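Single-structure report; data block below.
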Amino acid sequence: MDLRQLRYFVAVAEELHFSRAAARLNLAQSALSAQIRALEDEVGGPLLHRSTRRVSLTPAGEVLLSDARELLASAEVALRRARSLALGELGVLRIAALGPAPGGILAPVLDRFGTRHPRVRVEMRTLAFSELVEGLRSGQADIAFLYEPIDEPDLITTSLLTEPRVAVLPASHPLAERDSVTPADLRGETFITHPDSVPLQWRDFWVLVDEIGARPKVSPRTTDTLDEWLHLIGRGVGIDTCPALISRYYSWPEVSFVPLRDAAPAEMVLARRADADERLIREFTELAVEIARTATSNERTPYRPPV
């Protein structure tokens, strides 16, 4: 058994689909299947139930999935520490976000953190919708800017700020020129949503299930990145909602961002693994909370570092 096989198995176990897992790994499906069979030979029994319609985990597969995630995360941490020492650094902090992290918070946090820890390398990573939570679990990121709702028992979240949501509409939509809209205005619309690997409660929040009172129509076209999401909306495939922050960072002629009234606000949090209690992670979180209390979510005033 090697780490590569474990990574392959985790991808298949999370996607429950060989083609999607192969695409996620940028690997030929035949090569992926061969690696999974080799792993099952070493285990001594099947890890997956396969049929023409679905893939599911065996009891052995369920146990291995939990352990494999922990092993991969530990291996990533060990490699990162060794690499940092080899480069003469005292550590690495990997920060992930779906798209833009708020400059009013991130810029001053990075400035103050860098002043305190000049030999700690900070890496910013942009991950897809389906990668954010698993990126924390796998060690791709130590900490991530996310939006609630998040109900993952192995993650700890720290609230930073709340902000209103906006409706994201094609520029040609009849409501695109409104000063604001309500969930009732959007009842009957088709929404753009995200892959099944993104938690359902998170998807339901953004398509206004609670406000509308039912799950709305969703497009069969799902998306995993902000750019593709905006392209689909601009082409009229569907609509969606998002934090007001996105509207301040993205200007697309084909898309209109309209303030959304009578809907729960978006809450930004910092998330980390429950077992990741390293000093650098704690300190970054504490700095972010401190700055978020004094710096509003108004992104129009750029941060200027002290002279």
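Every number in this text was worked out from the coordinates using simple rules, so none of it is lab data. The model shown is predicted, which means the values in this text are computed figures rather than measured ones. So basically every Cβ, Gly included, is an ideal-geometry build from the backbone, and we count neighbours across all protein chains shown.
Observations
- Net charge of Cβ neighbours under 13 Å - reference L64; Lys, Arg +1; Asp, Glu -1: -4
- Candidates L186, P174, I156 compared by Cα position along the dipole of the stretch 105-206: farthest toward the positive end lies I156, with charges placed on Cβ.
- Seen from R165, the other residues with C-beta closer than 11 Å to its C-beta sum to a net charge of -4, counting Lys and Arg as +1 and Asp and Glu as -1.
- The string of couplings for the stretch 208-215 from the Karplus curve (6.51, -1.76, 1.60, θ = phi - 60°) is 6, 4, 5, 6, 7, x, 6, 7 Hz, one whole number per residue in order, with x for Gly and Pro.
- Per principal axis, descending, Cα span of the stretch 165-264 in whole Å: 30, 27, 23
- For the chain, with +1 on Lys and Arg beta carbons and -1 on Asp and Glu, the positive-most of Q35, P220, I239 along the dipole: Q35
- Coarse-grained scattering of the chain at q = 0.07, 0.12, 0.13, 0.16 Å⁻¹, given as base-10 log I(q)/I(0) from a Debye sum over alpha-carbon atoms: -0.32, -0.92, -1.04, -1.34
- Theoretical FRET efficiency, 1/(1+(r/R0)^6), r = Cβ-Cβ of T126 and A38, R0 51 Å, to 0.05: 0.95
- Here the calculated FRET efficiency for L200 and D154, from their Cβ-Cβ distance with R0 = 25 Å, stands at 0.90, rounded to the nearest 0.05.
- Alpha-carbon centroids, the stretch 14-92 and the stretch 108-127: separation in whole Å: 30
- Placing unit charges on the Cβ atoms of the charged side chains and taking the dipole of the chain about its Cα centre, the candidate lying farthest along the positive direction among L48, W229, S251 is S251.
- The amide H of E123, built 1.01 Å from its N in the peptide plane, has L93, R94, I95 as neighbours under 5 Å, considering only residues 5 or more places off or on other chains.
- Extended-chain gain in nm, criterion 0.36 nm per residue less alpha-carbon gap, V77 and L16: 19.3 nm
- FRET efficiency for the pair V63 and S172, taken as 1/(1 + (r/R0)^6) with r the Cβ-Cβ distance and R0 = 51 Å, rounds to 0.45.
- Counted residue by residue at 0.36 nm each, then reduced by the alpha carbon distance between them, the extension gain from S30 to V289 reaches 88.5 nm.
- Summed side-chain charge close to Q35 - residues other than Q35 whose Cβ falls under 12 Å, Lys, Arg +1, Asp, Glu -1: -1
- Calculated [222 nm] ellipticity per residue, helices only, for the chain: -13000 deg cm²/dmol; basis is -39500 (n - 2.57) per DSSP H run with n ≥ 4, divided by all residues, nearest 500.
- ³J(HN,Hα), Karplus 6.51/-1.76/1.60, whole Hz, each residue of the stretch 166-182, x for Gly, Pro: 10, 8, 10, 10, x, 4, 8, 5, x, 8, 5, 8, 5, 6, 6, 9, 10
- In a simple Cβ point-charge model (Lys, Arg +1; Asp, Glu -1; nothing else charged), the chain has a dipole of about 640 debye relative to its Cα centre.
- DSSP beta bridges fully contained in the chain are about 65 percent antiparallel.
- The length gained by stretching the chain between D262 and Y249 to full extension, at 0.36 nm per residue less their Cα-Cα distance, is 2.3 nm.
- When +1 charges are put on Lys and Arg Cβ atoms and -1 charges on Asp and Glu Cβ atoms, the dipole computed for the stretch 71-198 relative to its Cα centre reaches about 760 debye.
- Placing unit charges on the Cβ atoms only, positive for Lys and Arg and negative for Asp and Glu, gives the stretch 1-101 a dipole magnitude near 360 debye about its Cα centre.
- Histogram of C-alpha separations across the stretch 3-71, 5 Å bin width, %: 3, 19, 32, 30, 14, 2, 0
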